[in-house]
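Participant: Here it is, the structure in full.
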Amino acid sequence: MQREGSAFSGLGVVMLKELSDHLTSIRMRVLEWLVVLIALAALYGAIQQIKDTTAEDPFLFLRLFTTSRDPLPSFVSFLSFLVPLMAIGLGFDAVNGEHNRRTLSRILSQPIYRDALLFGKFLAGLVTLAISLIALWLLVVGLGLLLIGIPPGAEEIARSFVFLLVTIVYAGVWLALALLFSVVFRSAATAALITLGLWLLVTFIWPVLSGALAQIFIPPDPRYTALGLQTPATAQLEQILARFSPSTLYAEIVVALLDPTTRALGPIYLSQLQGAVLGAPLPFGESVLIAWPQMVGMIATAIVLFVIGYVIFQRQEVRA
């Protein structure tokens, strides 16, 4: 049986309905206030640290994102921890919730295909996260202007804006993963627990496991060990394995964008330092080029996860 009309007929309706539900739900309000309050605490600590250590810094505005003050971590550290929780909170019951409420068959009986339903739910969640992150970014910019009193330069705004876009993509990766498990598992609790467990694994445990696996496959060279250095081949494999984690990719992108003095992500060889002025900032374009492979990797991860969920959803049987 062939389809009649576009496969994305009704996409706008699904997206607007889901977007309205997200923006007015108690769950989203709680997550938003949690992120805002914790981010404000981290931002306040960063501003106090910057005031205490005022110096001639051409990128003072970027320090708002990366500076920490004990016992609070930096603003970026909080985002890397809370953004996945927001995304998982929005997506873990996107599809199985319709199954449990027995509304999925009613929706699909309308002139709305599964393509439009799944894509509309993903877009609604991503737009909700984007609205929250843009508002948070504007809040940081406003408070920085108000409390520091130094307007950011054009390059600082450009770097922080690309950082905002990367954070939205990072949220999209976890939203796509939550949506995938929402399709696979009929129980919302099971989908939430497995998604959270996988997030904990790839964020906190996998970086440690990648180092252990690298040493198993490529044992350290005793000559480097005697000098207290890491074997280059082992370090390279460890870095490759660690980059299977979206959190590692996001952290590397943040370092390249918000620290203009970063010249490489990973081990730096003498050939890379030839002719370089240590401590000199790189132009904005070169910093983006350094982080470009990680950006493409995150975008590809989000697309692959969504496509897997899309294929599984297309093959599922929907009963009334």
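The values are calculated or read from the model by the stated rules, or taken from the named source; none is laboratory data. Predicted model, so just to flag it, every value in this text is computed and none were measured. No Cβ is skipped: glycine too gets one built from the backbone with ideal geometry, and neighbour counts run over all protein chains shown. Heavy atoms of the whole protein, side chains included, go into the accessibility calculation; ligands, DNA and RNA do not. Shrake-Rupley method; radii C 1.70, N 1.55, O 1.52, S 1.80 Å.
Participant: What percentages make up the Cα-Cα pair-distance distribution of region 95-179 when the bins are 5 Å wide from 0?
Facilitator: Spelled out per bin, shortest first, that is 3, 12, 17, 17, 13, 11, 9, 7, 6, 5, 3, 0.
Participant: Quick check on region 69-129: take the gyration tensor over C-alpha atoms, sort the square-rooted eigenvalues as a ≥ b ≥ c, and tell me if it's rounded (a/c under 1.5), prolate or oblate.
Facilitator: Working: a/c = 6.47, a/b = 2.94, b/c = 2.20.
Prolate.
Participant: Using only Cα atoms, locate the centre of region 110-160 and the centre of region 279-298, then give the distance between them in Å, rounded to an integer.
Facilitator: The distance from the Cα centre of region 110-160 to that of region 279-298 comes to 21 Å.
Participant: Let me ask you something else. Only helical DSSP H runs with n ≥ 4 go in: add -39500 (n - 2.57) per run for the chain, normalise by residue count and round the 222 nm mean residue ellipticity to 500 deg cm²/dmol.
Facilitator: On the way: 15 runs with 229 residues, N = 320.
The helix-only estimate for the chain comes to -23500 deg cm²/dmol at 222 nm.
Participant: Oh, and also: Amide H neighbours of Tyr113 under 5 Å, at least 5 residues apart or on other chains, H built in the peptide plane: list them.
Facilitator: Counting only residues 5 or more places away or on other chains, the set is Ser9.
Participant: As I understand it, the value is the acute angle between the Cα axis of helix 246-258 and the longest principal axis of the Cα atoms of the chain; what does it come to in degrees, rounded to 10?
Facilitator: 50
Participant: Let me ask another. How far apart, in nm, are two points set 7 Å out from the Cα along the Cα-to-Cβ line at Ala280 and at Phe81?
Facilitator: 3.8
Participant: Right, something else. Compute the angle between helix 284-315 and the longest alpha-carbon principal axis of the chain, please, reported from 0 to 90 degrees and rounded to the nearest 10.
Facilitator: Around 20 degrees separate the two axes.
Participant: Round to the nearest 10 and give me the degree value, 0 to 90, for the angle of helix 188-200's Cα axis relative to the longest principal axis of the chain.
Facilitator: Tilt of helix 188-200: around 10 degrees.
Participant: Binning at 10 angstrom from zero up to the longest distance, how are the C-alpha pair distances of region 58-97 distributed in percent?
Facilitator: Taking every Cα pair in region 58-97, the percentages come to 26, 33, 22, 14, 4, 0.
Participant: So, one more: What is the P(r) of the chain, as percent of Cα-Cα pairs per 20 Å bin from 0?
Facilitator: Calculated over all Cα pairs of the chain, the distribution is 28, 52, 19, 1 percent.
Participant: Quick one: grab the alpha carbon gyration tensor of region 34-143, order the square roots of its eigenvalues as a ≥ b ≥ c, and give me rounded if a/c is under 1.5, else prolate or oblate depending on whether a/b is larger than b/c. Present the calculation step by step, with values, prior to reporting the outcome.
Facilitator: Values: a/c = 4.81, a/b = 3.08, b/c = 1.56.
Taking the square roots of the gyration eigenvalues as a ≥ b ≥ c, region 34-143 is prolate.
Participant: Let me ask something else. Just the Cα atoms of region 178-250: what Rg and Dmax do they give in Å?
Facilitator: Using the Cα atoms of region 178-250, the pair Rg, Dmax is 16.9, 55 Å.
Participant: Turning to a different aspect of this structure: Using a 1.4 Å probe and ignoring any ligands, DNA or RNA, find the accessible area of Leu108 and quote it in Å² to the nearest 10.
Facilitator: Roughly 40 Å² of Leu108 is accessible to a 1.4 Å probe.
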